[in-house]
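Report on the following structure.
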Amino acid sequence: MSDCGFQDRIIEFALGLDWSGVPDDVREVFRLSLLDWCAVGLAGVDEPVSVKLRDMVLAEGGKGKAFVFGSDVALPARAAALVNGTISHALDFDDTHFLHIGHPSVTIFPAGLAVAQQVGATGAEFLTAALAGYEASVRIGHWLGRAHYEAGFHMTATAGCFGATIAAARLLGADAAQMGAALGLASTRASGLKGQFGSMGKPYNAGMAASAGVEAALLAVSGMTSDACGLRSFALGHAGEMDMAALKGLGQSFVSVAVSHKFHACCHGTHAALEALAKLDVEAGEVTEVQITVHPRWLKVCNLAKPVTGLEAKFSYRMCFAFALAGLETGALATFTDENCADPRLQALRDLVAVQGDATLADGAARVLVNCHGDMARQAEFDLDQTLPLTQRRDRVLAKAEVLIGEDKARQIWARIEALETANSLSDFLTAQ
């Protein structure tokens, strides 16, 4: 199969997907991802980056049709996608897929929801288009490969832009040629660097991807032409591996079911280590040394040695462990503050933690060794690739949403999501936000 054939297969899948043929467990996990996205978006409305982006687009105005987190004013689809993508990634508490190390929901749902409102889509049409974009995003990220990520590109923004384009184009009624043109236009708009990690630029990457996806789809459906094989051109210019194994099972199996929802309010790279630590019964006062071992690629992502802000702390194994050892809840947003980073007691715990890489470990795995006064070393391991049973996943995602936005709001949104696939419009779902 040629490299352009990969794009053709992705388009064929995206246009042919039928929600009624999607397995029940995939549908349920996808609904949970939508709930999770709503919760982190609503919880993130007052973050500084959220305020800046929302104020900018509200000042611009325009013919509004699409919902925006934290505003009673509707905005044009492209602007709404920009704001909602940024806001929902502002807390860095959204879901992650380790097949490509990206956050699919914060690009796909903002783009899909904005265009679905513009065209008056049914609930099932929105869900189907979003799932098509979600699956495509992860598989395109897999196709681009680790070399693309290690070269410094933020998969959420690059692969996510293509997924957002696919979701938007399907909702706009694109045919195969128009979908190809949309991907070609997206190939010249997709961007985002890992160098933004730890700054407001990281969530902005997600918003840019969602907005660019809407823009590319709108232009392609209007008749604008582009590179006929945009995905291949993008890969060639952005250290893409073009791994055809990414097509394995396309249309028969769904990679979205393996998404990892976040239960700690920090970079997902820290979660396996935090889950491993939770297995150990240790008191902060007993600890003399902590050794964290993870795959080396995470050392470039979430290993800030001495963070000074709450945002930086989300990308610091050492600070996250200091919080956990001190008994602070790493699933609570209030833990990640500038004040906690400056606390001498927490800094002392932070300085007991060392981090090292081991290339034999899986991406989602971590090993933690804790030495205590007058005691044997204690060790535990955890691997995020060991997916939770569906009932346990549902309980944890719903519990997380309740903590973020309140029990009543979380339960109301979940009920509207469960009813979406038979809803004639998105109005009931949107009024629950």
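The values are calculated or read from the model by the stated rules, or taken from the named source; none is laboratory data. Not measured: the values here are computed from a predicted model. Cβ sites come from the backbone with ideal geometry, for glycine too, and all protein chains shown count toward neighbours. Note: accessible area is taken over every heavy atom of the protein model, side chains too, but ligands, DNA and RNA are not part of it. Shrake-Rupley method; radii C 1.70, N 1.55, O 1.52, S 1.80 Å.
Just the protein heavy atoms count here, and of the accessible area of the chain at 1.4 Å, carbon and sulfur take up 51 percent. At a Cβ-Cβ separation cutoff of 4.7 angstrom, cysteine residues of the chain with no neighbouring cysteine are Cys38, Cys161, Cys266, Cys320, Cys341, Cys372. Largest GNM mean-square fluctuation among Pro203, Pro104, Pro76, using the chain with Cα springs under 10 Å: Pro76. Helix content alone sets the calculated 222 nm mean residue ellipticity of the chain: runs of n ≥ 4 DSSP H residues at -39500 (n - 2.57) each, divided across all residues, give -16500 deg cm²/dmol.
Neighbours of Ala132, meaning other residues whose beta-carbon lies under 12 angstrom from its beta-carbon, give a summed charge of -2 when Lys and Arg score +1 and Asp and Glu score -1.
Considering only DSSP beta bridges with both partners in the chain, what is the antiparallel share in %, to the nearest 5?
Counting only bridges with both partners in the chain, antiparallel ones make up about 75 percent.
Accessible area per residue for the chain is 36 Å², calculated with a 1.4 Å probe on protein heavy atoms, without ligands, DNA or RNA. Here Lys63 is the anchor, and the aspartates and glutamates within straight C-alpha reach of less than 19 Å, apart from those fewer than 8 places off in the same chain, are Asp55, Asp72, Glu215. With bins 20 Å wide beginning at 0, the percent of Cα pairs of the chain falling in each bin runs 28, 57, 14, 0.
When each of the peptides 6-13, 384-391 is scored by how many other beta carbons lie within 10 Å of its residues on average, the order from highest to lowest is 6-13, 384-391.
Modelled spin labels at Leu15 and Gln412, positioned 7 Å past Cα toward Cβ, are 4.1 nm from each other. Against the chain, whose longest principal axis comes from its Cα atoms, helix 155-171 is set at around 30 degrees.
Modelled this way, with points 7 Å down the Cα-to-C-beta line, the labels at Glu339 and Asp351 are 2.3 nm from one another. Packing order of peptides 357-370, 85-98, highest average first: 85-98, 357-370 (average count of other Cβ atoms within 10 Å over each peptide's residues).
For the chain, the longest principal axis of the alpha carbon atoms and the long axis of helix 390-405 meet at an angle near 90°. For region 360-382, backbone nitrogen atoms closer than 20 Å to the point 7 Å from Glu283 Cα along Cα-to-C-beta are found at 370-379. Dimensions of region 90-163 from C-alpha coordinates, computed as largest minus smallest value along each principal axis and given longest first, are 40, 27, 16 Å. Summary of packing: across the peptides 295-302, 228-235, 123-130, 212-219, the per-residue average of other C-beta atoms within 10 Å ranks them, highest first, as 212-219, 123-130, 228-235, 295-302.
Kirkwood hydrodynamic radius computed over region 232-309 comes to 16.8 Å, based on all pairs of distinct alpha carbons. In whole angstrom, how far apart do the alpha carbon centroids of region 153-210 and region 1-77 sit? So the separation of the two Cα centres works out to 11 Å. For the residue pairs Lys65/Lys314; Lys202/Lys400; Lys65/Lys202; Lys194/Lys400; Lys279/Lys306; Lys248/Lys306, alpha carbon separations beyond 32 Å are given by Lys65/Lys314; Lys248/Lys306.
Axis of helix 24-43 versus longest Cα principal axis of the chain: the two differ by about 70°, to the nearest ten degrees. Need one word for region 147-247: rounded, prolate or oblate. Basis is the Cα gyration tensor (sqrt eigenvalues a ≥ b ≥ c); a/c below 1.5 gives rounded, then a/b vs b/c decides. Oblate, since a/c reaches 1.5 and b/c is not below a/b.
Each of Pro110, His238, Ala419 was scored by the projection of its Cα onto the charge dipole of the chain, and the greatest displacement toward the positive side belongs to His238; charges sit on the C-beta of Lys, Arg, Asp and Glu.
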